[in-house]
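The values are calculated or read from the model by the stated rules, or taken from the named source; none is laboratory data. All of these numbers come straight from a predicted model, not from anything done at the bench. Quick reminder, even Gly has a Cβ in these numbers, built from the backbone with ideal geometry, and neighbours come from all protein chains shown.
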Amino acid sequence: MELNRRTVIAGAAAAGIAATTLGGTAQASGGRTPVKKLFGKLADGTKVYLWSLENGGTRLKVLNWGGVVQGLEIPDRHGRYVNVSLGFDNIDDYVAKTPYFGALIGRYGNRIAKGQFTLDGKSYQLSVNDGVNSLHGGKQGFDKHIWDVEPFTKGSDVGLHLYYTSVDGEMGYPGTLKAKVTYTLTRHGDWRIDYEATTDKATVVNLTNHVYWNLAGEGSGTIEDHELKIAASRYTPTDSGLIPTGELAKVAGTPFDFRHAKAIGRDIRAAHPQQVTAKGYDHNWVLDKGITAKPEHVATLRDPRSGRTLKIATNEPGLQFYSGNFLDGTLVGTGGHTYRQGDALCLETQHFPDSPNHANFPSTVLRPGQTYRSTTIHSFSA
Ligand code: BGC
């Protein structure tokens, strides 16, 4: 049986299960004002704050550094909460070694080949940070900056507006880009992300968020038994540097077919050449719905043991499914456990990687006078 969030919380209360957090009892609806506390300091003394939000049974913790989701707690079918998002308990580890845990990614989610592209006849060289390629915005992407944070409560919603202005030429990108990202927790416990950006010169933009999910709890082991469903008949195969070849290949008859829910571990060792290159799954799925005016449901992730289920809706045309292939047991997470290969997965809503170099991919160009808008809604149940 699929319970909705209200039932879970009410059930937990009826069963006398303590569901306390952030100094209070979890509420079924009507979130409280976000609260802020000091998390740590950067080397130059800049203070990093942790914002705590709660609504509809979901608890979200966000840093003003990189807009990082430092924790995200949801209940299982018995109302038991765990943190389902990988992270660190201190700022130094985020600065020194995070593989983008929970972070906002910009200006460009995923890779741009050789960090180069041409726009309106002009060539640009971006900051290169992944072999010869530019990954997630370059050496100091949006994930490595302090964002201005403005908390809000609106009707039954609570949330944070996050602002960052990337100056003309930063990481090699043209135009001053003003980005605004809104994290909302709804009264149903959905976590919604609205991205907006404007520019004063033609540029390319592809914003996303990089939560590493483990619905059994961060640090609890592999996600290979999680079941995943993606509404995509095609994906974008990559070369050895994980750059799309430009082909939109069919998933039918390959390990990349997630059109019906299947355990991630089922085909992860199928030795398909694309998996050998990526050390698992690290690809962009071409969503059947294409670009849509409103967010549409595109993926479902479920942990059968706990019942925790995540549904993702987006207006974007692509979804990067990364099966945590580069986690190697050297990072110690929030709960004091190491993170090993396959201990989490990312589902990043996006335009396709390296779009500026593929005329057949949906365009990521943003021009003065236009507003970039992207929305992703994460809904939870158990
Ligand atoms: C990419 C991976 C990369 C990871 C960074 C993902 O979005 O697809 O290739 O290693 O981010 O941790």
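Numerical summary
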item: Test: residue in region 105-113 that is in a helix (DSSP H, G or I) and touching a residue at least 40 places away in the same chain (Cβ under 8 Å); result: yes
item: Criterion: touching a strand residue (DSSP E or B) at 6+ places or on another chain (Cβ under 6 Å) and not basic (Lys, Arg) - qualifying residue of Gly109, Gly138; result: Gly109
item: Condition check for Gly324: more than 16 Å from the ligand (Cβ to nearest atom), modelled with pLDDT of 95 or more, assigned to a loop (DSSP other than H, G, I, E, B) and within 19 Å of Phe256 (Cβ to Cβ); result: no
item: Subset of region 170-203 [in a strand (DSSP E or B) and over 18 Å from Leu72 (Cα atoms)]; result: Leu177, Lys178, Ala179, Lys180, Tyr195, Glu196, Ala197, Thr198, Thr199, Thr203
item: Residues satisfying the stated conditions in region 268-288, i.e. touching a residue at least 24 places away in the same chain (Cβ under 8 Å) and either surrounded by 17 or more Cβ atoms within 10 Å (Cβ to Cβ) or of a type in the set (Val, Ile, Thr) (or both); result: Ile268, Gln274, Thr277, Ala278, Gly280, Tyr281, Asp282, His283, Asn284, Trp285, Val286, Leu287
item: Region 116-132 - residue that is within 15 Å of the ligand (Cβ to nearest atom) and of a type outside the set (Val, Ile, Thr) and, of those, farthest from the chain's Cα centre (by Cα); result: Gly131
item: Filter pass, Leu135 being without any contact (Cβ under 8 Å) to a residue 40 or more places away in the chain, closer than 26 Å to Gln350 by Cβ and within 16 Å of the ligand (Cβ to nearest atom); result: yes
item: Answer residue from region 48-74, given it is over 20 Å from Ser379 (Cα atoms) and touching a Phe, Trp or Tyr at 6+ places or on another chain (Cβ under 8 Å) and is surrounded by the most Cβ atoms within 10 Å (Cβ to Cβ) among those; result: Gly66
item: Condition met for His337 (surrounded by 14 or more Cβ atoms within 10 Å (Cβ to Cβ) and within 16 Å of the ligand (Cβ to nearest atom)); result: no
item: When residues of region 106-115 are limited to those that are under 19 Å from Gly241 (Cβ atoms) and within 14 Å of the chain's Cα centre (by Cα), the one farthest from the ligand (Cβ to nearest atom); result: Tyr108
item: Looking only at region 82-105, and only at residues there that are small (Gly, Ala, Ser) and within 13 Å of the ligand (Cβ to nearest atom), the one that is nearest to Ala197 (Cα to Cα); result: Ala103
item: Failed item, numbered, when Lys144 is tested on (1) out of contact with any Asp or Glu (no Cβ under 6 Å at 6 or more places or on another chain); (2) within 25 Å of Phe361 (Cα to Cα); (3) within 16 Å of the ligand (Cβ to nearest atom); (4) touching a residue at least 40 places away in the same chain (Cβ under 8 Å); result: (2)
item: Residue ID - surrounded by the fewest Cβ atoms within 10 Å (Cβ to Cβ), chosen from residues in region 251-267 that are farther than 11 Å from Asp225 by Cα and among the hydrophobic types (A, V, I, L, M, F, W, C); result: Ala252
